[in-house]
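The values are calculated or read from the model by the stated rules, or taken from the named source; none is laboratory data. Treat the numbers as computed from the prediction; the structure is a model and nothing was measured. Cβ atoms come from the backbone with ideal geometry, glycine included; neighbour counts cover every protein chain shown.
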Amino acid sequence: MMRTRLYRDGRIEREDLRIEELDDLIHEEGATVWIDYTSPSVEDLEAIEKALGLHRLAVEDAVHEHQRSKLDRYPGHLFLATYHAELDTESSKLSVSEIKAFITKRALVTVHGPDMDPGVLTAHWDAEPDLAVHGTAFLLWGLLDLIVDGHFETVQELDSRIDSLEEVLFDDHAADHDLQRRSFELRKSLVQLRRAVLPMREVLNTILRRDLDVLDPEMQPFFQDVYDHVLRVSEWTESLRDLVTTILETHISIQGNKMNLVMKKVTSWAAIIAVPTAVTGFFGQNVPFLGFQSPLGLGLSLTLIVLASAALYMTFKRKEWI
């Protein structure tokens, strides 16, 4: 599927462009073209490759999945590879969709899979019509701003889920298996998000350089704002990843403390039970002793059992072993 849009002097003029028209449009002053492809093949991009003079290595990267987030410079154009992230509200699993883009002086070509809705991108552009006069720089800014906003919303949602996990951590009735599973899922999502977020710093750093002749320098403050958001998301992601690790370590420590407490209780009760066993065993000897075969012996043995057991119980209770 292909979607197009033509801006002229900052206003949308058409949305039904044909590839054959590009040869003329990319040389017209004030004209900016956006072309969007959904899951294209190399053959699908051949026409656009010839019209815009795209490097064949960039075209190959555009159709091959699992590229590293980057911004490559080629003669006459730039090639962007990045990832849009979205968190599933029910399963806490992170879904990541790959987005590629070719950036020339008067054209932006976006390439993505079926997971991305280009209508969201056009709506983001339409919300800032006064910036459209900056051409390709405006289109690229809108794309990056949308992606980074998605990263920001995702890390914010993960933060709230980690907060709820902290509350469950000290709940005595919480299921250990559920806590471990949720912690693992959150840590996995944070690792995936980190892979998408960290390279964006390098991408924005390259864009902020003044020697990129394909972008309008007046858009630099807006790219700087996106860069600030990238830094914040990166730091937030790192801190949350450390926090989830701390939660897991704290959970293990709590489990160890509970196990020690159980062992102390079991040992304490075993010591208390050992007293009547020892006393009855002693009085069960088949030899004469004080109170042998008389009520005095029974009373003496019972008294020893009660007093010794009570003394042990009070001692263990004072030490909080019981």
For this session: Looking for whichever is without any contact (Cβ under 8 Å) to a residue 40 or more places away in the chain, crowded, with 20+ Cβ neighbours inside 10 Å and not β-branched (V, I, T) here; the options are W125, W141. Which one fits?
Result: W125
Seminar exercise, completed: All conditions in (1) within 24 Å of H134 (Cβ to Cβ); (2) surrounded by 12 or more Cβ atoms within 10 Å (Cβ to Cβ); (3) out of contact with any Gly (no Cβ under 8 Å at 6 or more places or on another chain) are true of E49 except (1)
Seminar exercise, completed: Going through segment 40-76 in order, the residues found to be among the polar types (S, T, N, Q) and touching a Ser or Thr at 6+ places or on another chain (Cβ under 8 Å) are S69
Problem set entry | Hey, L169 in the same structural domain as G76 (by TED's automatic domain parsing), farther than 20 Å from V96 by Cβ and out of contact with any Phe, Trp or Tyr (no Cβ under 9 Å at 6 or more places or on another chain) or not | yes
For this session: State whether the residues of segment 21-32 include one that is crowded, with 20+ Cβ neighbours inside 10 Å and at pLDDT below 90.
Result: yes
Exercise. If a residue has to be small (G, A, S), within 19 Å of V233 (Cα to Cα) and touching a residue at least 40 places away in the same chain (Cβ under 8 Å) to count, how many in segment 75-102 make the cut?
Worked result: 2
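Residue by residue, here is whether (1) touching a residue at least 60 places away in the same chain (Cβ under 8 Å); (2) over 18 Å from M2 (Cβ atoms); (3) outside the structural domain of E202 (by TED's automatic domain parsing); (4) in contact with a helix residue (DSSP H, G or I) (Cβ under 7 Å, 6 or more places away or on another chain) holds:
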| site | (1), (2), (3), (4) |
| --- | --- |
| E28 | yes, yes, no, no |
| Y37 | yes, no, no, no |
| S41 | no, no, no, yes |
| I48 | yes, no, no, yes |
| A51 | no, no, no, yes |
| H55 | no, yes, no, no |
| V63 | no, no, no, no |
| R68 | yes, yes, no, yes |
For this session: Could you list all residues from segment 62-81 that are assigned to a strand (DSSP E or B) and over 13 Å from V96 (Cβ atoms)?
Result: K70, L71, D72, R73, Y74, H77, L78, F79, L80
Exercise. Part of a helix (DSSP H, G or I), farther than 24 Å from Q156 by Cβ and either touching a Leu at 6+ places or on another chain (Cβ under 6 Å) or at pLDDT below 80 (or both): does that describe V244?
Worked result: no
Exercise. Which residues, taken from segment 1-48, are aliphatic (A, V, I, L, M) and in a helix (DSSP H, G or I)?
Worked result: I19, L22, L25, A47, I48
Exercise. Quick check: is even one residue across segment 186-203 within 24 Å of Q67 (Cβ to Cβ), in contact (Cβ under 8 Å) with a residue 24 or more places away in the chain and not in a helix (DSSP H, G or I)?
Worked result: no
Problem set entry | Answer from E218, E167 - the residue that is surrounded by fewer than 13 Cβ atoms within 10 Å (Cβ to Cβ), at pLDDT below 85, at negative phi and part of a helix (DSSP H, G or I) | E167
Problem set entry | Those residues of segment 82-96 which are among the small types (G, A, S), loosely packed, with under 15 Cβ neighbours inside 10 Å and either modelled with pLDDT of 90 or more or in a loop (DSSP other than H, G, I, E, B) (or both), in sequence order | S91
